[in-house]
Amino acid sequence: MTKMKTNTKHEYGESKAIWMICFLSLFFVLIMVSEMLVPFDCPINGHDSPYHHLRVEALAERLKSGNIFSGGIDYLFMEGMGYASSVAYPDLLLYIPALLRVAGVGIGRSMAIFIIICNILTIASSFWSSYKITKSPISATAAAVIFTTSFYRIDNLYTRFALGEVQSFIFLPFVIYGLYNLAFEDFSKPWVIALGIAGLLLTHTLTTAITLIMCVLFCIVFIKRIVKSPKNILKLAVTAVCVLAVTSFYWIPLLELMNSADFTVNHPIDKASENHIKFWTLFKDVCIGYDNAGLGILIFAICGIRVLVRMPKIKEDSSPELIRKRDILIFGDGCLLLAAVFVFLTLKTPAWKILAPILDFMQFPWRMYSVVTLLISVAVAIYVWFLLPNVKNRQFLPLVISLIFSVNIFVHIETIGANHTEEYKDDYYSVKVEQTYSIGYGEWIPWAAKNIMDDVKKHVNKVILNDGTEASFNRESSYIEFTPDKPCDYAIIPYIWYKGYRAYDEGGNEYDVTMSDKGLVSVDLKDKTAEGKIRVKYHFTPLRTAAVTISVVSALLIIACYGAMAVKRKKNSKTAEVETAAAAGDTENKTETETNEDTAEVSTETEIKTE
């Protein structure tokens, strides 16, 4: 008996062995990009490390105390005066290390685990997005390796410890595949670009803005393809509305915050138009700083393989597969063109005289390196895919690519000299209270308080009445209660002012709350007699309540719509199967009838001849 050979080939002829090699290559890269986290108990000491460690710890404190819906004011900051960190900066993925802290895992170890998770998700998203374009695990591995090991991403991890941008790298690949799907696949998967943009918005706002600029430029480059289908334009508009609705719980309160007072963010000390990159620095192994930063020579050198790729010639009788290959190469060239545009924008050029009012918000032009590395990684992966048929022993190509870029990253890590801080104990912020002021430039401190912070700090543990005397008070995890012992006009509360603070006494009487000349909460007590203690607490504003409601309702509606569509597709599929089976049955019956008739005719003819 002859045994049938099992087909171990995947789509486009890639065997299971190649898939395994790709997996091992990516696992090796994961180890390389994560090895600097050791020892886990001692956190990475980057530019923004103090702020992000404090941010996670503050979120953990809110979870422990049950104040998760306290409005986003984190009272671990500034010795209890509070900071609107969770209003201004999204916490979507930071709940992972915060929950680890609640579970008793140390600060350093929680952050290390979280960064490893970010590395895994970045590798997975970049691999998946590239694979959906080329259907090749080898080219997808190339994209994931180039993107994950880029100098800019490594600098964000170990030099800057820019946790927001590190998270944003997870969602960038979804955007690039979403754009490909829009222009070349009849926008069959609008959820992909929706996931990418929503994820960016809920991890890093600046990267979202830069990515939206990339999306606009992409639509300009491929405008002819996109406008061919009015239906897709409408679908894109609906997708944008859905993203805005689902994420409204974040961006609407942020806009409300920005317009409620004059904050430090309105007085930047850094502008992108004043921090250009020198051309030759682009190719150097220079870590991200506040002057110049490079992407290294390798990521630009690999773009040179484009000269080895030929554009397929399309004829009237060309196969759909050949047309698809041509389209993919056009997309890759478009990505490389956009990467060149963004690289150009990091340099000092006359264009900045026009672009300064538009792009100064990003502070440093090198922030655009995120989309540069994304675009180059996808473009190069496409070129690799085109060259695969000419590569002997191509099964080893993923290992070669991962080894080259891992050596490159190892050299870069040695250059930046990443280091660790001492181990954070659980009482770290209680012992070192000065660390609770680790808020960087303090973009979301009222400008009135920013310039007199030393004076503001003197109010930390005092409720001061208008005559300069102090009132007795009690501080809880999410509110302060005080008792005015005598008639007075107002009381200064040791809270940084944000729109949403309310004051009311035990009798239910509410008091007006305003911002003092020092940026603190001021409670108006003029001509009023308090009934017992007065409680000062932050509450959701009506606009913020509406925004959260919109997000919840829209998310439920989208889930319901997708569920209904899935049920409908399943029903239609079953109906089609039944109709196909019925048609096949009719054909079989018809054939059988015809056969019987033919047999009868033959029998009759035979009988006649016999007679």
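The values are calculated or read from the model by the stated rules, or taken from the named source; none is laboratory data. The shown structure was predicted, so the numbers you read here are calculated from the model rather than taken from an experiment. Cβ atoms come from the backbone with ideal geometry, glycine included; neighbour counts cover every protein chain shown. SASA here: full protein model, heavy atoms, side chains in, ligands and nucleic acids out. Shrake-Rupley method; radii C 1.70, N 1.55, O 1.52, S 1.80 Å.
General remarks:
- Accessible surface of Cys42, taken over heavy atoms with a 1.4 Å probe and every protein chain present, rounds to 30 Å².
- For the chain, the fraction of 1.4 Å probe accessible surface lying on carbon and sulfur atoms is 62 percent.
- Annotation for Trp280 and Asp455: the two label points, set 7 Å from Cα along the Cα-Cβ direction, are 5.0 nm apart.
- You can think of it this way: the chain between Ile314 and Arg502 has 60.8 nm of extra reach, that is 0.36 nm per residue less the Cα-Cα gap.
- 5 angstrom amide H check on His420, placed H, neighbours 5+ away: Asn45
- Ligands, DNA and RNA excluded, the heavy atoms of Trp251 present near 70 Å² of accessible surface to a 1.4 Å solvent probe.
- Shape category assigned to segment 239-320 from the gyration tensor of Cα positions, a/c cut at 1.5: oblate
- Taken over segment 314-432, the percentage of Cα pairs per 10 Å bin, counting from 0 up to the bin with the maximum distance, is 10, 22, 26, 22, 15, 4, 1, 0.
- Most to least packed among 170-181, 472-483 [average Cβ atoms within 10 Å]: 170-181, 472-483
- Rounded to the nearest 10 square angstrom, Lys284 shows an accessible area of 110 square angstrom against a 1.4 Å probe.
- In this structure, Tyr562 and Asp527 have a Cβ-Cβ separation that, at R0 = 45 Å, corresponds to a calculated FRET efficiency of about 0.20.
- Most to least accessible of Asp41, Asp467 (protein chains only, probe 1.4 Å): Asp467, Asp41
- The chain: relative contact order as a whole-number percent, Cα under 8 Å and 6+ apart: 18 percent
- Amide proton proximity set for Arg160, modelled H, under 5 Å, gap of 5+: His47
- Separation in nanometres of the label points that stand 7 Å from Cα toward Cβ, at Thr549 and Val307: 6.4 nm
- With each label modelled as a point 7 angstrom along the Cα→C-beta vector, the Tyr441-Arg569 pair spans 4.5 nm.
- In this structure the amide hydrogen of Thr203, modeled in the peptide plane, comes within under 5 Å of no amide hydrogen from residues 5 or more places off or on another chain.
- Over the chain, equivalent-ellipsoid semi-axes from the Cα gyration tensor in Å: 56, 33, 23
- The reciprocal of the average 1/r between distinct C-alpha atoms defines the Kirkwood hydrodynamic radius, which for segment 511-569 equals 15.8 Å.
- Rounded FRET efficiency, nearest 0.05, which uses the C-beta distance separating Leu388 from Lys425 and R0 of 45 Å: 0.30
- Difference of contour (0.36 nm per residue) and Cα-Cα distance, Lys432 to Thr514: 26.4 nm
- HN-Hα J in Hz across segment 448-455 - Karplus 6.51, -1.76, 1.60, θ = phi - 60°, x for Gly and Pro: 5, 8, 4, 7, 10, 4, 4, 6
- Probe 1.4 Å, protein heavy atoms only - accessible area per residue of segment 91-239 in square angstrom: 29 Å²
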